[in-house]
Amino acid sequence: MASTLSQLQFGRLRGLRAKVLRRYEHRPFVSCLAGLYGCRWRRHERSGAQPEDRCCNKLEGASFALLVAAFCLTLLFLYFWGQAKNDYNDFDWFNFGNLGFWFPWSVVLLVIAAAFFTYVSVLMLLAVCLLSEGQKLHLHWSHKIGILVSLTFSIVATAVLSDLWSKEWKTLLLSFQMTAPYLHVGGVLLMTSLAWPIALHFFRMNSGVRRTLIMSVYLSVLSALYLVPLGLYSPCIKEDGSLGPPPALIGHRGAPMLAPENTLMSFEKAVEAGSEGLETDVTISFDGVPFLMHDRTLRRTTNIHQVFPNRTDVPAAMFTWAELESLNAGAWFLSHNPFGTAGSLGAEERRRAGEQSVCGLQAFLQLAAQRDKLVIFDLYRPPRGHPYRDTWIQRTLDVIQNESSIHSSQVLWLPSDLRSLVQEIDPELQQTSGSRLPLEELQSNHIVKLNLHYSSMSSELISEYAAVNITTNLYVISQPWLYSLAWCTGVHSVTTNAPQLLRTLSAPLFFMSSDEYNLMWILTDLVSLVLILIIFIFHWWRERGLSFCSGAKTTLDNGTYSKFKTEMSDIWSVSSTNSQAEKTPNLATVTEH
C-alpha cells in the first residue's frame, strides 16, 4: 500500500514538473515574435530544436551581427547628438550661413536618429526574445534593408559631424563624466537581462568550443562592467561639504531664448533672470559708432533684405549708424523661433520683441551701469577700407570712458590686440584672456580671468589658475547637466543662453558622495551576480528536467543543440504515468476485498 501511494505521488510530481516546464512554451507569443521579426506568421518552430538545427544559418547569423552593429552605432549617434543639444543653435545657424535659409536641422536630425534607434532596438528585442525561446532567426528582407539604411545613416552622420564639428566629441567625453555612474548601472542591467538567452543556448549547445567561446565573451564583458567603477572619474562624486558655490551666470548676447539676441530687451531679460554679467559682440559702424552685432553681415538678425536688398552680403561695419538704426532687429526672432521659446512670450512681449532695433554699445553699457552688472565682449576689427580700421580699440575705449557711466572695473576686457596700450590707458579694466597661456605670460599681462570654451573644462586646469588668483569663465553652457558639471569642477562663471533655466538649480544634477556611489556600485553588481546565477541554475535545472521528463538522454555528438522529444511525447509520458497511478489503487482495493 505504501509503495502504491509512493508511486502515485511520484507520478503526480512528474506530471506537475512536466507542466511547470511546459509553462514556458508560449506558442502565440513566439508566433507573434516570429511574425514581427521575419513575417513568418504561420510558421512556428519548437524551442526544443533537433541536433542538426542551429539558431540561424550563416546568412541569418550575418544579418544578426549586422543588427547588433546597427544597434550599437545608432545608440552611439543618438547619445552623441542628444548630448550635443547645448550647441543646436550654433549648428542651425551654421547651416543658415551655408544654405541661406533657416530650418531647425538639429531637431530634425535628432528625430531621425531617434526613429532609427527605436526601429533597430525593436528588432534587437525581437531577436533576443526569439533566442530566449530557443527559436531560429529568419529576418525578413525588408528589415535587412531597414537595418542597412539605419547603419548607413549612423555612419555617414557621424563621419560628417566629426569632420565639421569635431569639438562635439569633447562634449561627449564630458557627458561621460556626468553619466558614467548611471551608464554603468544600465550596462550591468543589460548584461544581466542577456543572461537568459545566453544560458538557454549554453546548456543546449553540444559544441564545447562554442560553449567556451560564448561564456568567455560574456564573462569578460560582465567582469569589465563590474570593475569599471575602479577607474571611473566624475567631478560630481565628492565628499559632502566640498562643493563650492554655483558658477555666476553671464547672459550670452542677453537672454536669447526670451528675446532677440544683442538687443536691449534681451539684456533686460537676462538681468531679470538673475545674470551677474552680460556678454555681447561689438563692431564699429562706418561713421564710428560702436554697435552690437555678432555676425559679419546683417542677414541673420535684421530685415536688411527688405530695406537694403542689394547690400545683404556687405559687412555690417560698412553701414552708417543711421542706416543701422533703420533696420528691424527683432522680427526674425518671432519668425524663425530659433530656440522654440517664442511661443512662451505674451502678446505685449511679442509686440515689443518684434520692434527691437540694432543696439549701440553706449546703450548697452548704460544698462549694465544702472543694474551694476559686469560686461564682456568680443571686439571685431573693421574690414579694409573702413575709416576706423586702425583706431577701433581707441574708439571703443572712448565710449567706455567718456560716453557712458559704467565703471571700468565692471568691464572684462577680452580683446588681445594692443593689450599693453589698453592697460596703460585704463588700468582698472579687468584684463581677460580668451586663450590658455602659460602662467608667466598671463601674469605679465595682468590677466585676472580666462574666457574659454566649455570643452576646456578641467578641475586641474581651473585649480591651477585659481591658485594664482585667475578665475575661469566658460562659454556657452545652456544645458543643466553641463552647468552641473561646471559647478562640480569649480568653474567661477559661465556664459549661457538660458540664465532663466540655470538659476533654478539648487544643486548639481547627479551629485552624490563617494559613500553613496560605492553603495550603488556594490549593490548593483551583487544583485546582478545573484540574478545571473539564478538564471543559469534555472536553465540547468530546466534542461535536465526536460530530458528527465521525456525519458531521453541529451545527445552531445553532433549538432548545436541537445535533442529532446516532442511535446506530444512529454504529454503522452505524463498521461501514461498518471493513468497507471490511477489504476493501481483500484487493484489494491480489489485485492484487499
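Projecting the Cα positions of Trp93, Gly186, Ser175 onto the charge dipole of segment 92-233 (unit charges on Cβ atoms of Lys, Arg, Asp and Glu, taken about the Cα centre) puts Gly186 furthest along the positive direction. If I take R0 = 56 Å and measure r between the Cβ atoms of Ser335 and Ser193 in this structure, what FRET efficiency does the formula 1/(1 + (r/R0)^6) give, to the nearest 0.05? With a Förster radius of 56 Å, E is 0.70.
For segment 57-215, the dipole from Cβ point charges (+1 on Lys and Arg, -1 on Asp and Glu) about the Cα centre works out to 680 debye, to the nearest 20.
Lys269: which aspartates and glutamates have alpha carbons under 12 Å from its alpha carbon, excluding same-chain residues fewer than 8 sequence positions away? Cα-Cα hits under 12 Å: Glu261, Glu349. Near Trp141: Cβ cut-off under 15 Å, other residues only, Lys/Arg at +1 and Asp/Glu at -1. The net charge is +1. With both labels modelled 7 Å from their Cα along Cα-to-Cβ, the Val307 to Ser420 distance reads 4.2 nm.
Each part gets one Cα centre, and for segment 165-201 versus segment 222-247 those centres are 16 Å apart. Taken about its Cα centre, segment 385-461 carries a charge dipole of about 200 debye when Lys and Arg each add +1 at the Cβ and Asp and Glu each add -1 at the Cβ.
On the beta carbon distance between Arg350 and Asp287, with R0 = 35 Å, the FRET formula returns roughly 0.60. Loop-located trypsin sites (Lys or Arg not before Pro) across segment 333-435 with a Cβ neighbour count of 11 or fewer within 10 Å are Arg384, with loop assigned by DSSP. For the pair Leu173 and Leu437, label points projected 7 Å from Cα toward Cβ lie 2.5 nm apart.
About its Cα centre, how strong a charge dipole does segment 176-325 have in debye, to the nearest 20, once Lys and Arg get +1 and Asp and Glu get -1 at the Cβ?
Here the size comes out at about 1320 debye.
For segment 246-363, the share of DSSP beta bridges that are antiparallel, to the nearest 5, is 60%. In a fully extended conformation the segment linking Gln366 and Ser455 would gain 28.8 nm over its present Cα-Cα distance, using 0.36 nm per residue.
Measuring spread by the Cα atoms of segment 210-335 yields a radius of gyration and Dmax of 26.1, 81 Å. Take every DSSP beta bridge whose two residues both sit in segment 301-451; close to 10 percent of them are antiparallel. Fully extending the segment from Leu213 to Ala159 would add 16.1 nm, taking 0.36 nm per residue of separation and subtracting the current Cα-Cα distance.
Over 22 Å between Cα atoms, which of Lys58/Lys136; Lys85/Lys170; Lys85/Lys238 qualify? Don't skip to the end; give the middle numbers.
Working: Lys58/Lys136 12 Å; Lys85/Lys170 13 Å; Lys85/Lys238 27 Å.
Those over the limit are Lys85/Lys238.
Only protein heavy atoms count here; under a 1.4 Å probe, Leu67 has an accessible surface of about 0 Å².
Full extension of the chain between Asn402 and Ala65 gives 114.3 nm of extra length, using 0.36 nm per residue less the Cα-Cα distance. Applying 1/(1 + (r/R0)^6) with R0 = 22 Å to the Cβ-Cβ distance of Ser514 and Ser223 gives a FRET efficiency near 0.45.
The values are calculated or read from the model by the stated rules, or taken from the named source; none is laboratory data. Here the structure is a predicted model, which is why all the values come from computation and not from measurement. Reconstructed Cβ throughout: ideal geometry from the backbone, glycine too, with neighbour counts over all protein chains shown. Side chains included, ligands, DNA and RNA excluded: accessible areas come from the protein's heavy atoms. Shrake-Rupley method; radii C 1.70, N 1.55, O 1.52, S 1.80 Å.
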